[in-house]
1. Rank the residues 7, 16, 1 as a footprinting-exposure proxy: fewest other Cβ atoms within 10 Å of their Cβ go first.
2. What list do you get for 60, 35 if you sort them by fewest beta carbons within 10 Å?
3. Compute the angle between helix 3-12 and the longest alpha-carbon principal axis of the chain, please, reported from 0 to 90 degrees and rounded to the nearest 10.
4. Quick check for you: which residues of region 1-28 have the amide N under 13 Å from the point 7 Å beyond the Cα of residue 43 toward its beta carbon?
5. Would region 1-48 count as rounded, prolate or oblate if I go by the C-alpha gyration tensor, calling it rounded below 1.5 in a/c and otherwise prolate when a/b exceeds b/c, oblate otherwise?
6. In deg cm²/dmol, rounded to 500, what helix-only [θ] at 222 nm does the chain give when every DSSP H run of at least 4 residues adds -39500 (n - 2.57) and the total is split over its residues?
7. Rank these for me by crowding, 73, 9, going from fewest to most other beta carbons within 10 Å.
8. With N set to the number of residues, divide the alpha-carbon radius of gyration of the chain by 2.2 N^0.38 Å and report two decimals.
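Only the coordinates and a few stated rules stand behind these numbers; no lab work does. Remember, predicted model here, so these are calculated numbers, not experimental data. Note: ideal-geometry Cβ built from the backbone for every residue, glycine included; neighbour counts use all protein chains shown.
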């Protein structure tokens, strides 16, 4: 599975529709200054687990930004929000 697919799947498995997940991650994937800019299509299995953890954090932050701008009352926002008291393990 590619890094890109891993991140989309992460958001999808936590409540977002695939189109929403792709839209939420689009700014991240198109950022020319992101450290993974040349690596989105690499296989995630080729990276250490710490990279997967960083991708989860990046995906969560992108999801919250997209939710706040497009669907602020989404039931799944607390799953991604690291500052949310409902989900303190991600803080």
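1. Ranked by crowding around the Cβ, least crowded first: 1, 16, 7.
2. 35, 60
3. The angle comes out at about 20 degrees.
4. Counting backbone N atoms under 13 Å from the label point, the list is 1-3.
5. oblate
6. Computed mean residue ellipticity for the chain: -16500 deg cm²/dmol.
7. 73, 9
8. 1.04
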